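Values in this text are rule-based calculations from the coordinates and carry no lab data. What you see is a predicted model; the values in this text were computed from it and never measured. Please note: Cβ atoms are built from the backbone with ideal geometry, for glycine as well, and neighbour counts cover all protein chains shown.
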Amino acid sequence: MKFCPKCGSVLIPVKEKGHVYLVCKKCGYKELAADETYVEKTKVERKKKIKEFTGEPPKESEEEREYVLESFSSGELDQEAEEEEEEEEEEEEDAYRRRERA
Ligand SMILES: [Zn+2]
């Protein structure tokens with residue numbers, strides 16, 4: 001269980017657009033829950049990358065391609081995914097606050 005860094009209330013996991021956020025019901029603080037959402041996002045990034053640097057139709061199954069890619073370039077992809085998450089989180093936090101006021 002995690003607690004809000006701003007007010008100390010318990011953070012509630014909320015699923016939104018396929019991501020899980022930890023939300024403080026008291027002050028509106030919101031952060032992306034680390035585990036499963038992070039994996040989803042990284043998978044998408046990874047598929048984009050495959051297209052960029054192979055430029056040819058896949059010969060192996062999707063599963064095999066992901067495994068191969070993961071074994072040689074996961075570090076770089078993880079970093080990119082993380083930067084994107086932060087931008088998205090700010091936008092969605094604003095939307096959340098607007099709903100709270102309405
Ligand atoms: Zn709070």
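Couple of notes before you dig in:
- Label-point gap, in nm, between residue 94 and residue 17 - each point 7 angstrom along Cα→Cβ: 1.2 nm
- Relative to the current alpha-carbon distance between residue 25 and residue 9, full extension at 0.36 nm per residue lengthens the span by 5.0 nm.
- Other-chain or far-sequence residues with amide H under 5 Å of residue 11's (modelled H): 2, 3, 4
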